[in-house]
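The values are calculated or read from the model by the stated rules, or taken from the named source; none is laboratory data. Note that the structure is a prediction, hence the values are computed from the model and not measured. Cβ coordinates were reconstructed from backbone atoms using ideal geometry, including for glycine residues, and neighbour counts include every protein chain displayed. Surface accessibility is based on the protein's heavy atoms, side chains included, excluding ligands, DNA and RNA. Shrake-Rupley method; radii C 1.70, N 1.55, O 1.52, S 1.80 Å.
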Amino acid sequence: QVQLAESGGGLVQAGGSLRLSCAASGTISPIYAMRWYRQAPGKQRELVAGITSGGNTNYADSVKGRFTISRDNAKNTMYLQMNSLKPEDTAVYYCYVLLILNQYWGQGTQVTVSS
């Protein structure tokens, strides 16, 4: 079993920054990929950014140039640095971990950007 602990969400003004963290613990087989998703009220959950064990990254078009995903493999921790935040970034952000045989979701952390 894998537990995911997210932190770093909160309320920020437009143009501000936040850094999300996701720490994985438990019985962790090699992690294939880690991702951040988000879900705004009334909308479907969407992929924000992902990073593989080899460090390859991908981003949603809406966050390219503003968000940066990174990971510390030794700590099994993933980060999302979010800069130049916009009100439309307001959502619950979820950590996702893909192992060889299983996948896990975090409980979510609220990010609210005020205009």
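Please verify whether residue 107 is closer than 24 Å to residue 13 by Cβ and in contact (Cβ under 8 Å) with a residue 40 or more places away in the chain, treating the condition exactly as stated. For residue 107, the condition - closer than 24 Å to residue 13 by Cβ and in contact (Cβ under 8 Å) with a residue 40 or more places away in the chain - is not met. Scanning segment 55-80 for residues that are open to solvent by less than 60 Å² (accessible area, probe 1.4 Å), within 24 Å of residue 27 (Cβ to Cβ) and assigned to a helix (DSSP H, G or I) returns no hits.
Take the conditions in contact (Cβ under 8 Å) with a residue 12 or more places away in the chain and under 12 Å from the mean Cα position of the chain (by Cα) and apply them to residue 85. Does it pass?
No, not satisfied.
Looking only at residues in segment 30-50 that are open to solvent by less than 60 Å² (accessible area, probe 1.4 Å) and at pLDDT 95 or above, the one that is nearest to the chain's Cα centre (by Cα) is 36. Residues considered: 15, 26. Of these, the only one that is at pLDDT 95 or above and surrounded by fewer than 19 Cβ atoms within 10 Å (Cβ to Cβ) is 15.
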